[in-house]
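These notes are about the structure you will find just below.
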Amino acid sequence: MDIVALVLLIAIGFIALITILGSFFTVSTSQVAVITRFGKFLRVAEAGLNWKTPYIDRVAGLVSLRVNQIALTMETKTKDNVFVTIPISVQNRVRPERVYDAFYKLSDPVAQIKSYVEQVILGHVPSMTLDEVFASQSSIAAAVKQELDSDMAAFGYEIVNVLVTDIVPDAKVKSAMNDINAAQREQVAAQARGEADKILVVKKAEAEAESKALQGQGIANQRRAIVEGLQTSIEQFQKAVDGATPRDVMQLVLVTQYFDTLKAIGENDKTNTLFVAHSPAAVKEVSDQILDSMLMAQSASVMSR
């Protein structure tokens, strides 16, 4: 009898020890535990070592207080009838003071958040063109966050941030947009090249005009110098030779220039074969023709005055 009582006592003590030890539980950092008593919410257990009444209280579940990110992909149509895919990241967490609402009021927070996001996207994007959607990513994200903040607060959730990470139009639309952009840039480049070519042509024409003007001025100065030199030569020759007429002096000058011309032609190694009448009579005839032409031109100039 003593042995049976001892065994029974040991068993009772072991059961009591297990019961006592089993009443202690730990909660990890960034988590809280929901404690119920007979199925009814009792309290929220904070992180660390906790105790519950044996066989009466139980841990109904754990709730994470960390920031959770939900990745969503929305597809809709813009005002200019372009279908776009919008990836959205929603960063949310449970409010520590609203753990009861987050645990009991919402069974599927991801589905609920997705529904609210779809509602906001469908209320904004269809009223914008594709270009406006690209330019309004931040405003779309702000509108989604504002809507989620007001709606999810009742369920104990806080929306930390909403990010519209990209705007993805249809592949054909994207290719067409790239072609339009490339064509516009090519048009600008063509206009720039045209303006550059125009400037080059104008500058070249101005340079040619200036060159011809300077060339004409040079020829005129050259001829003026020749005439002045001939005049000086004639005056000096008449002083040195008595009875010499201006015609004789001009013939002498022309003959001298004629021989200088022959010398210049002969010294040029690139000159082709050239046949020139070189008899004295021919030389005199050439000088007479040039002299007569000059005298006739001078007479016509005097008469025109």
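Residues that are surrounded by 14 or more Cβ atoms within 10 Å (Cβ to Cβ) and charged (D, E, K, R) within the stretch 116-140 comprise Glu118, Glu132, listed in sequence order. Can you confirm whether Glu206 is among the acidic types (Asp, Glu) and at pLDDT below 75? For Glu206, the condition - among the acidic types (Asp, Glu) and at pLDDT below 75 - is not met. Within the stretch 1-57, the set of residues being closer than 17 Å to Val99 by Cα and acidic (Asp, Glu) comprises just one member, Glu46.
For the stretch 101-128, enumerate the residues that are of a type in the set (Ser, Thr, Tyr) and either in contact with a Ser or Thr (Cβ under 6 Å, 6 or more places away or on another chain) or part of a helix (DSSP H, G or I) (or both). Of everything in the stretch 101-128, those that are of a type in the set (Ser, Thr, Tyr) and either in contact with a Ser or Thr (Cβ under 6 Å, 6 or more places away or on another chain) or part of a helix (DSSP H, G or I) (or both) turn out to be Tyr104, Ser115, Tyr116, Ser127.
Just checking, does the stretch 70-80 include any residue being of a type in the set (S, T, N, Q), open to solvent by less than 20 Å² (accessible area, probe 1.4 Å) and in a strand (DSSP E or B)? Among the residues of the stretch 70-80, at least one is of a type in the set (S, T, N, Q), open to solvent by less than 20 Å² (accessible area, probe 1.4 Å) and in a strand (DSSP E or B), which makes the answer yes.
Taking each residue of the stretch 32-52 that is in contact (Cβ under 8 Å) with a residue 40 or more places away in the chain and looking for partners that are open to solvent by 70 Å² or more (accessible area, probe 1.4 Å) and of a type in the set (Ser, Thr, Tyr) with beta-carbon atoms closer than 8 Å, six or more apart or interchain, yields Val34/Tyr100; Phe41/Tyr100; Phe41/Tyr104; Val44/Tyr100.
Can we say Gln222 is farther than 30 Å from Thr85 by Cβ, part of a helix (DSSP H, G or I), open to solvent by 100 Å² or more (accessible area, probe 1.4 Å) and modelled with pLDDT under 80? Yes: the conditions hold for Gln222. Looking across the stretch 13-61, not a single residue is open to solvent by less than 40 Å² (accessible area, probe 1.4 Å), outside any loop (DSSP other than H, G, I, E, B), touching a Ser or Thr at 6+ places or on another chain (Cβ under 7 Å) and more than 29 Å from Ser107 (Cβ to Cβ). For the stretch 101-115, indicate whether the set of residues that are without any contact (Cβ under 8 Å) to a residue 60 or more places away in the chain, closer than 18 Å to Ile167 by Cα and either open to solvent by 40 Å² or more (accessible area, probe 1.4 Å) or of a type in the set (Lys, Arg) (or both) is non-empty. Scanning the stretch 101-115 turns up at least one residue that is without any contact (Cβ under 8 Å) to a residue 60 or more places away in the chain, closer than 18 Å to Ile167 by Cα and either open to solvent by 40 Å² or more (accessible area, probe 1.4 Å) or of a type in the set (Lys, Arg) (or both). Mind checking which pairs have a first residue in the stretch 65-90 that is modelled with pLDDT under 90 and a second that is aromatic (Phe, Trp, Tyr), Cβ under 8 Å, 6 or more apart or different chains? Filtered contacts from the stretch 65-90: Glu75/Phe83; Thr76/Phe83; Lys77/Phe83. For the residues Ala143, Ala207, Ala190, Ala176, the requirement of being within 30 Å of Val99 (Cα to Cα), outside any strand (DSSP E or B), open to solvent by less than 60 Å² (accessible area, probe 1.4 Å) and not charged (D, E, K, R) singles out Ala143.
When Arg93 is tested against the conditions (1) more than 30 Å from His124 (Cβ to Cβ); (2) crowded, with 16+ Cβ neighbours inside 10 Å; (3) basic (Lys, Arg), the lone failure is (1).
The values are calculated or read from the model by the stated rules, or taken from the named source; none is laboratory data. Please read all numbers here as calculations on a predicted model, not as lab measurements. Heads up, the Cβs are rebuilt from the backbone with ideal geometry, glycines too, and the neighbour counts pull from every protein chain shown. Surface areas here come from the heavy atoms of the whole protein model, side chains and all, with no ligands, DNA or RNA. Shrake-Rupley method; radii C 1.70, N 1.55, O 1.52, S 1.80 Å.
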